[in-house]
Amino acid sequence: MLGLNNEIQSLYDSILTKYKEAIILQTASSILHWDMETKMPPRGIELRSQQLSVLELAGHKVITNPQNGRLLDSIEKHPNKYFLSNQQVRNLYLFKKVYDENTKLPDSLVSETAKQQTISINTWKKAKAAKDYNIFKEDLKKIIELKLEAAEILMDVKGTKTPYDALLDSYESKMSAEKINRIFNIMKKGLIEVINKINDSEKKINTEILEIKVPVNDQKKISQILMDYLGYDILSGVAGGRLDETEHPFTTGYYDDVRITTHYYEDKFTSSFYSVLHEGGHALYNQNIPKEYMYQPLGEASSYGIHESQSRMIENLIGRSPEFVSYILPNLKKIIGKPFKGIKLRDFYEAVNVVSPSKIRVEADEVTYGLHIIIRFEIEQMIFNGEASIEELPQIWNQKYFDYLGVQIENDSEGIMQDTHWASGLFGYFPSYALGNIYDGMFYKKMKRDIPKFKKVIKSGNFIPIKQWLKNNIHSKGNLYDPEDLIKLVTGENLTVKPYLEYLERKFSKIYNF
Ligand code: CO
């Protein structure tokens, strides 16, 4: 008996050793990526792309090693497999998923897709600069065809109903288009109702405060205050973080080395302000997954949507709350000085929460953001169900922007070509952003109940109880659960958009007096 248990333990350990090797290669790639965006001199690009592709291939080989398949088989058939703990079973399940996905896709398809991605991104950049969709459409079509081919294979591996569901599953496991449609349709109705009430409101918000010139040096001091607030350490001798500057802010890293970036605009200081909070939220998640899961499949986030819920929780639900704004304003006045003298709390709070339907997703406010995502989700389904041709896409896009947001798209660069995701082949990714908001509505409702004097805590600048709540309920779970199971576990409820819509209604009815 003991012998058999030792045997299954050693099979299990062999699998984890493989995974550790793969994850170490992956973290090396991410640091090279980070360096490419922050420090690399321009001429470094040729060597860098070689380094990245060698690392990627090495990682692919570690995962697809046929020995892994045999190890997984031996465990599956082992009479003592029932002695494995739940955590071990989950690790094996996650490993098998990665193994199956990587081995079932033909190498030729993988390398052709990688090549086409580079080409499509390149033509997308050119087409966007020239505001000419015609330059882009053939390469968009090619990347869609390759993704569809992969999705059809993955559909079998993952057991999804449609190819598009297989793509969704890569970002949000077990989430189907059917489920997302059900909640997005409710969200769409709810958001449009709130927007209509805001449009009918007499209230006009003055946003001039947001354009006050704040020197980059002052903005750096503000970043430090925000990171101190979050307890995201970039300064001490035992720091596990960094802040650097890039064109587009992002977070990268693993456990003890998790880095964030921001972008400073002198005449739009809130851009970096909210980026630091957003990326800080991502960083805390990566840093707070339990050490015992390190190098294991469990040592990762539950999903892209759950990750996004952590960044948006800090950026929006906390960072744009009246309590947080009231805590931070005196700090801003101290740093910025004269230009900020006399700024009233109410005015600043309203300015950072202004709602205004726009054409560009990344500039969208809390209320209209979800509609930008719904438009992309609806179009992705049409593409993968064969309901829309490449030619028709800009037309469909523009019509939806007019119908849902009431904005008129003037050219395809501010329309269908605004995001890089489709050029990069990232179909199925967009819903995660809005799901993050929906998850947040549910988490927030529970958190408010669990933390005594919730508002007072935020107002006093004490982030510890919130951080602890997020750690206990979400970060500490690593990848033990698929997103819907995690939500149920944390909130006791099935996925619902209601708390999120209630949050928006409550908040914006006070701002816009409806
Ligand atoms: Co994010």
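The values are calculated or read from the model by the stated rules, or taken from the named source; none is laboratory data. Computed from a predicted model, the values in this text were never measured in an experiment. No Cβ is skipped: glycine too gets one built from the backbone with ideal geometry, and neighbour counts run over all protein chains shown. Areas reflect the complete protein model, heavy atoms only, side chains present, ligands, DNA and RNA absent. Shrake-Rupley method; radii C 1.70, N 1.55, O 1.52, S 1.80 Å.
Quick notes on this one:
- The single condition from (1) more than 16 Å from the ligand (Cβ to nearest atom); (2) in a loop (DSSP other than H, G, I, E, B) that HIS421 fails is (1).
- Test: residue in segment 99-116 that is modelled with pLDDT of 95 or more and either among the hydrophobic types (A, V, I, L, M, F, W, C) or exposed (fewer than 14 other Cβ atoms within 10 Å of the Cβ) (or both): no
- Scan segment 257-271 for residues that are aromatic (Phe, Trp, Tyr) and open to solvent by 40 Å² or more (accessible area, probe 1.4 Å) and the total you get is 1.
- Flag for LEU11 being within 27 Å of the chain's Cα centre (by Cα), over 30 Å from ASP244 (Cβ atoms) and in a helix (DSSP H, G or I): no
- Taken together, LEU426, LEU489 contain a single residue that is surrounded by fewer than 20 Cβ atoms within 10 Å (Cβ to Cβ), assigned by TED's automatic domain parsing to the domain that holds THR368 and outside any helix (DSSP H, G or I), which is LEU426.
- Qualifying position, being over 23 Å from the mean Cα position of the chain (by Cα) and in the same structural domain as LYS97 (by TED's automatic domain parsing), among GLU211, GLU152, GLU202, GLU193: GLU152
- Only one entry in ASN353, ASN331, ASN288 is under 30 Å from ASP13 (Cα atoms) and not aromatic (Phe, Trp, Tyr), namely ASN288.
- Evaluated against (1) open to solvent by less than 30 Å² (accessible area, probe 1.4 Å); (2) touching a residue at least 40 places away in the same chain (Cβ under 8 Å); (3) not charged (D, E, K, R), TYR404 falls short on exactly one condition, (1).
- Residue match in segment 214-222 (condition: within 16 Å of the ligand (Cβ to nearest atom) and in contact (Cβ under 8 Å) with a residue 12 or more places away in the chain): no
- Inclusion of LEU426 among residues that are farther than 30 Å from VAL110 by Cα and modelled with pLDDT of 95 or more is not warranted.
- Against the numbered list (1) more than 18 Å from ASN316 (Cα to Cα); (2) in a helix (DSSP H, G or I); (3) aromatic (Phe, Trp, Tyr), TYR481 comes up short only at (2).
- So GLU502, is it assigned to a helix (DSSP H, G or I) and in contact (Cβ under 8 Å) with a residue 40 or more places away in the chain: yes
- Only one of TYR293, TYR264, TYR304 that is closer than 30 Å to LYS341 by Cβ and either of a type in the set (Phe, Trp, Tyr) or touching a residue at least 24 places away in the same chain (Cβ under 8 Å) (or both): TYR264
- Where strands (runs of 3 or more DSSP E) fall wholly inside segment 214-315, the ranges with 1 or more residues that are more than 22 Å from LEU470 (Cβ to Cβ) are 241-245.
- Hey, LYS131 within 30 Å of ILE409 (Cα to Cα) and either out of contact with any helix residue (DSSP H, G or I) (no Cβ under 8 Å at 6 or more places or on another chain) or assigned by TED's automatic domain parsing to the domain that holds PRO483 (or both) or not: yes
- Residues within segment 73-94 that are under 19 Å from LEU480 (Cα atoms) and surrounded by 14 or more Cβ atoms within 10 Å (Cβ to Cβ), tallied: 9
- Among the residues listed as PHE273, PHE324, the single one being closer than 26 Å to VAL457 by Cα and away from the ligand (no atom under 16 Å from the Cβ): PHE324
- In segment 278-321, the residue that is nearest to the chain's Cα centre (by Cα) out of those that are away from the ligand (no atom under 11 Å from the Cβ) and among the hydroxyl-bearing types (Ser, Thr, Tyr) is SER303.
- For SER303, the requirement of being of a type in the set (Gly, Ala, Ser), within 23 Å of LYS448 (Cβ to Cβ) and crowded, with 17+ Cβ neighbours inside 10 Å is not met.
- Pairs where the first residue, in segment 235-248, is farther than 18 Å from THR262 by Cα and the second is among the polar types (S, T, N, Q) and not in a loop (DSSP other than H, G, I, E, B), C-beta under 6 Å, 6+ apart: none
- Criterion applied to ILE63, ILE75 was being assigned to a helix (DSSP H, G or I), within 29 Å of the chain's Cα centre (by Cα) and among the aliphatic types (A, V, I, L, M), and the one residue passing it is ILE63.
- Taking segment 255-270 as the range and being within 15 Å of the ligand (Cβ to nearest atom) and of a type in the set (D, E, K, R) as the test, only ARG259 passes.
- Checked against the criterion of being open to solvent by 80 Å² or more (accessible area, probe 1.4 Å) and part of a loop (DSSP other than H, G, I, E, B), the candidates LYS141, LYS189, LYS161 yield just one match: LYS161.
- Matching residues, segment 470-483, being open to solvent by 40 Å² or more (accessible area, probe 1.4 Å) and either within 16 Å of the ligand (Cβ to nearest atom) or within 25 Å of GLY370 (Cβ to Cβ) (or both): TYR481
- For segment 433-469, filtered to residues that are surrounded by fewer than 24 Cβ atoms within 10 Å (Cβ to Cβ) and among the polar types (S, T, N, Q), the residue that is farthest from the ligand (Cβ to nearest atom) is SER460.
- Selected residue (criterion: modelled with the lowest pLDDT) from residues of segment 231-254 that are open to solvent by 40 Å² or more (accessible area, probe 1.4 Å) and within 14 Å of the ligand (Cβ to nearest atom): HIS248
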